[in-house]
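Engineer: The structure that follows is given in the form of structure tokens.
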Amino acid sequence: MISIERIATRPADLGGGMIVRRALPTRQRRMVGAWCFLDHAGPVEFPEGESMRVGAHPHTALQTFTWLIEGEILHRDSLGSEQIIRPGQVNLMTAGRGIVHTEDSLPHVRRLHAAQLWIALPREAADCAPAFDHHPKLPNWTENDCELTLLAGTYRGHRAPVRLYSPLLCLDLYSMPGATIELELNPDFEYGILPLEGSVFLEGNSFAMDEFIYLGVGIDKLRLKLAAGSRLLLLGGEPFGEPIVMWWNFVGHNKSAIAAAQREWESGGLRFGHVEGDDGRRLVAPTLPWSGY
């Protein structure tokens, strides 16, 4: 029997009326491998004249990983990157020592559906140079009426082009008619599943959209039954062997690193740079929850 932990996601407000469901981190589960953050955005319908507009905000010591299912989003960052991401594509931004970006749905987009994840960088890569990569083509194939897209890592002879600093896996599984599929997994990884549409059956239990399923380590085979019209994300990775601190949009390996990054953001220091075309939109960091840093 597989040990299953069912975790309820929670709503989070990104601003501008954009509400997402947050699966990581939660009180029950902080990380799955190096995956330290998972938001499910949508599917959401925008009224005429409204859109997603996320103002300039900083990141450190992580990679942001955007998987788009519906809609179009414009990414801009302090490296000068300007990239539209479309369905079936991944944007990967490596913050390293520091980066700033904005995210806006395009004006004509009425419907948006996406998952955004963060990957914690290990200590030796936490201060690497920032970078941005766009991946318009990813390994994609069909098994037993189920369409699989490999977003990160390697699986069944396929390799995703995404640059990683830790051993990880991310698979999107989608079935319009419904499907039963058996997956072969690395028992050294821990795993989590988030249904993005529909529902999935596992070990005699049904899990609905936005119920996060934590499976732990030691699993080499997994049998999933997807209801018709269902989609899910499978995350995996070697358990992250070092503690991290997360606060607002920062990841660090101690509180001092987080506090230093926040001071530089608040003072307008050179560490984070400027996003061209941000129209002066700049998110304000909440007050640090610790004193003496």
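Engineer: Identify, by number, the condition in (1) farther than 21 Å from Leu24 by Cα; (2) of a type in the set (Asp, Glu); (3) surrounded by 21 or more Cβ atoms within 10 Å (Cβ to Cβ) that Glu190 doesn't meet.
Structural biologist: Among (1) farther than 21 Å from Leu24 by Cα; (2) of a type in the set (Asp, Glu); (3) surrounded by 21 or more Cβ atoms within 10 Å (Cβ to Cβ), the lone unmet condition for Glu190 is (1).
Engineer: Could I ask something else about it? Kindly check whether there is at least one residue in the range 144-165 that is surrounded by 15 or more Cβ atoms within 10 Å (Cβ to Cβ), closer than 18 Å to Ala120 by Cβ, touching a residue at least 60 places away in the same chain (Cβ under 8 Å) and among the polar types (S, T, N, Q).
Structural biologist: The answer is no, given that none of the residues of the range 144-165 is surrounded by 15 or more Cβ atoms within 10 Å (Cβ to Cβ), closer than 18 Å to Ala120 by Cβ, touching a residue at least 60 places away in the same chain (Cβ under 8 Å) and among the polar types (S, T, N, Q).
Engineer: Looking only at residues in the range 31-49 that are surrounded by 15 or more Cβ atoms within 10 Å (Cβ to Cβ) and outside any strand (DSSP E or B), which one is modelled with the lowest pLDDT?
Structural biologist: Ranking the qualifying residues of the range 31-49, first place goes to Phe46.
Engineer: Any idea how many residues of the range 50-61 are in a loop (DSSP other than H, G, I, E, B), closer than 26 Å to Gly273 by Cα and at pLDDT below 90? So that I can check it myself, show each step before the final result.
Structural biologist: Going through the range 50-61, the residues in a loop (DSSP other than H, G, I, E, B) turn out to be 50-52, 61.
Filter once more, so that each one left must be closer than 26 Å to Gly273 by Cα: 51-52, 61.
Right, trim to at pLDDT below 90 and you get 51-52.
Residues that pass the stated criteria total 2.
Engineer: Would you be able to tell me the number of residues in the range 193-222 that are among the small types (Gly, Ala, Ser), assigned to a strand (DSSP E or B) and surrounded by 13 or more Cβ atoms within 10 Å (Cβ to Cβ)?
Structural biologist: Within the range 193-222, the first condition is being among the small types (Gly, Ala, Ser), and the residues that meet it are 198-199, 204, 206, 208, 216, 218.
Filter once more, keeping what is assigned to a strand (DSSP E or B): 199, 206, 208, 216.
Adding the requirement that they be surrounded by 13 or more Cβ atoms within 10 Å (Cβ to Cβ) leaves 199, 216.
Adding up the residues that qualify gives 2.
Engineer: Taking the residues in the range 246-293 that are under 24 Å from the mean Cα position of the chain (by Cα) and free of Cβ contacts under 8 Å to residues at least 24 places away in the same chain as candidates, determine which candidate is surrounded by the most Cβ atoms within 10 Å (Cβ to Cβ).
Structural biologist: My answer is Asn254.
The values are calculated or read from the model by the stated rules, or taken from the named source; none is laboratory data. Given the structure is predicted, the values throughout are model-derived calculations rather than measurements. When we count neighbours, we look across all protein chains shown, and the Cβ atoms used for this are built from the backbone with ideal geometry, even at glycine.
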